[in-house]
Amino acid sequence: MKVTKERIHFIGGGQMAEAIIRASITNNSLSADQISVSDINEARLQFLNTKYDVNTKNSQAQGLSTADLIVVAVRPQDDLVALGQIVQQFAASSAVIVSIVAGVTNAQLAGYFGAERSIIRVIPNTLTDTGYGYSGVALNAYATRDQVERFLLAFGKVEYLDETLMDVFTGFGVAGPNYIYYFIESLADAGVLAGLPREQAWKVALENVMGAVVMLQQTGLHPRQLLDINNSPGGVGIHGLYELNNSDFAAGLQRSVLAAVKRTTELGVK
């Protein structure tokens, strides 16, 4: 991937900011000298500087004054009003705001960072190191895809959304790996319960999940069609599926997604 010449300033150096920095540098999308970070935690800044050689020495005002992209990577409960005042004071009017603050809308962000500024709300995926996973993106009226796409593609794929779907995308798409991790753990445990050694159960569970995804992609078939192919009348597979159906598995998973979506909306309100 071609390295951009943009300067990126991160407000907040937490786990998600680090994951984006790590992927961007690893994929040669950004060089360390293009990135600066400010955070209230000095130990965190020292860690990021030591591990990634990004600039954590300048003041927040210095980082903002030279930034083309400003990544707001703080918690929704943090003081966004005060943060917006600092950004409006020191950042160039052309600097683009990229917010990864869960639940906070573009309209709210415009109230903090400037009504006529390019603002891009991003829900970053959590699979940044793999190149897989979609980040959900909603642009305000002043922003364009060209302003942010190269940056975002450094840590996964991009799905542009109507902003009304961002909370849904967060609870379903971005939290999605959590559900998969839980399923894989439970599947491996089932193999152990049935009598397989843990290492073998784990390897088989991972291989089955990866292979099933590839089968769906390569064949273009619906999961139900593959289930029909794999399960003979009165056979082993259909007996297993019968018990899974009785477990309320599908409805439980759907309730989990709805709970995650609800929590995302609550964070934005608070």
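For the reader, a short list of remarks on this structure follows.
- The numbered conditions (1) modelled with pLDDT of 95 or more; (2) within 20 Å of Asp146 (Cα to Cα) are all true for Ser36 except (2).
- Scanning segment 20-38 for residues that are open to solvent by 10 Å² or more (accessible area, probe 1.4 Å) and in a helix (DSSP H, G or I) gives Arg22, Ile25, Thr26, Ala32, Asp33, Gln34.
- Only one of Ser232, Ser247 that is under 32 Å from the mean Cα position of the chain (by Cα) and either touching a residue at least 60 places away in the same chain (Cβ under 8 Å) or farther than 30 Å from Thr105 by Cα (or both): Ser247
- Helices (runs of 4 or more DSSP H) within segment 149-235 that include 1 or more residues under 30 Å from Val96 (Cα atoms) and open to solvent by 90 Å² or more (accessible area, probe 1.4 Å): 149-152
- Residues in segment 242-270 that are open to solvent by less than 40 Å² (accessible area, probe 1.4 Å) and either over 30 Å from Leu80 (Cα atoms) or outside any helix (DSSP H, G or I) (or both): Ala251, Gly252.
- Qualifying residue in segment 1-12 (condition: more than 21 Å from Ser65 (Cβ to Cβ), of a type in the set (A, V, I, L, M, F, W, C) and part of a loop (DSSP other than H, G, I, E, B)): yes
- Close Cβ contacts (under 6 Å, 6 or more residues apart or on different chains) running from residues in segment 114-131 that are free of Cβ contacts under 8 Å to residues at least 40 places away in the same chain to residues that are part of a loop (DSSP other than H, G, I, E, B) and open to solvent by less than 10 Å² (accessible area, probe 1.4 Å) comprise Ile120/Val148.
- Of residues in segment 39-73 being among the aliphatic types (A, V, I, L, M) and either part of a loop (DSSP other than H, G, I, E, B) or open to solvent by 60 Å² or more (accessible area, probe 1.4 Å) (or both), the one farthest from Asn106 (Cα to Cα): Ala43
- The residue that is least open to solvent (accessible area, probe 1.4 Å), counting only those in segment 74-131 that are assigned to a helix (DSSP H, G or I) and among the polar types (S, T, N, Q), is Asn106.
- Residue within segment 17-34 that is without any contact (Cβ under 8 Å) to a residue 12 or more places away in the chain and of a type in the set (S, T, N, Q) present: no
The values are calculated or read from the model by the stated rules, or taken from the named source; none is laboratory data. Keep in mind it's a predicted model, so treat the numbers as computed, not measured. FYI the Cβ positions are ideal-geometry reconstructions off the backbone, even for glycines, and counts take in every protein chain you see. Note: areas computed on protein heavy atoms with side chains; ligands, DNA, RNA excluded. Shrake-Rupley method; radii C 1.70, N 1.55, O 1.52, S 1.80 Å.
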